[in-house]
1. Answer yes or no as to whether Ala123 is within 25 Å of Ala34 (Cβ to Cβ), open to solvent by less than 70 Å² (accessible area, probe 1.4 Å) and touching a residue at least 60 places away in the same chain (Cβ under 8 Å).
2. Which ones in the stretch 152-175 are modelled with pLDDT of 95 or more and either open to solvent by 90 Å² or more (accessible area, probe 1.4 Å) or touching a strand residue (DSSP E or B) at 6+ places or on another chain (Cβ under 7 Å) (or both)?
3. Name every residue in the stretch 105-130 that is under 15 Å from the mean Cα position of the chain (by Cα) and under 16 Å from Arg64 (Cα atoms), in order of residue number.
4. Open to solvent by less than 20 Å² (accessible area, probe 1.4 Å) and farther than 18 Å from Glu169 by Cβ: is that true of Ala85 in this structure?
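The values are calculated or read from the model by the stated rules, or taken from the named source; none is laboratory data. Note that the coordinates shown come from a computational prediction; the quantities given were computed from them, not determined experimentally. Positions of Cβ are backbone-derived with ideal geometry, glycine not excepted, and every protein chain shown enters the neighbour counts. Just so you know, the surface numbers come from the protein's heavy atoms only, side chains and all, with ligands and any DNA or RNA stripped out. Shrake-Rupley method; radii C 1.70, N 1.55, O 1.52, S 1.80 Å.
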Amino acid sequence: KPNASDETRFNFSSTYVFAVRDHSPEACYQLSEAYERGDVIEANPERAREWLRAAAERGHVIARARLGMEEHTSHEAADFDSIYASAVQDNDPEAQYTLSQLYASGSGVKRNAAKALEWLETAAQNGNAKAQYDLGARLYLGQNGSPQPVKGRFWLKKAAAQKYAPAREFLKTHS
């Protein structure tokens with residue numbers, strides 16, 4: 001991508017090599033994220049989903065959860081337990097964000113808006129750019145009650161500082 005730094009392009013290239021050559025679940029997942037964000041390469045939802053599926057097929061727990069547990073299997077509870085353990089014990093912001101999405105959608109667990117928001121806030125506080133963006137947009141637009149533009153912009157700016165393209169775009173269009 002033209003505005004990506006040389007270092008960022010190198011890191012992306014290295015990740016791509018690991019994903020293709022070594023079939024690394026984490027590298028596949030990172031490629032999915034790069035295609036989703038569009039900050040290193042052109043955003044491409046189809047390619048993002050392909051790499052997400054590849055990561056899930058290689059056992060990446062968060063990738064499996066993000067696919068929305070499309071096929072309800074006997075492993076569903078084990079996947080949720082693994083994500084929950086990672087979110088709590090490891091204080092993993094990505095697992096916390098995924099847990100918020102699972103509670104919000106009711107995928108693999110009973111839908112619970114309060115727990116979804118709680119985990120979204122935790123992930124945002126722990127530096128997850130997607131969580132910061134989601135929380136910021138919700139607060140700014142008042143999706144959880146009345147609009148809170150100051151708090152919303154706070155979280156959106158944190159996500160934008162991490163070069164999360166959707167947050168930057170939101171701030172441009174809502175300035």
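1. Working: within 25 Å of Ala34 (Cβ to Cβ): yes; open to solvent by less than 70 Å² (accessible area, probe 1.4 Å): yes; touching a residue at least 60 places away in the same chain (Cβ under 8 Å): no.
Considered against the rule, which asks whether it is within 25 Å of Ala34 (Cβ to Cβ), open to solvent by less than 70 Å² (accessible area, probe 1.4 Å) and touching a residue at least 60 places away in the same chain (Cβ under 8 Å), Ala123 comes out as no.
2. Phe154, Lys157
3. The first filter runs over the stretch 105-130 and keeps only residues under 15 Å from the mean Cα position of the chain (by Cα), leaving 105, 116-117, 119-130.
Hit for the stretch 105-130 is Ser105, nothing else.
4. Numbers: open to solvent by less than 20 Å² (accessible area, probe 1.4 Å): no; farther than 18 Å from Glu169 by Cβ: yes.
No: the conditions fail for Ala85.
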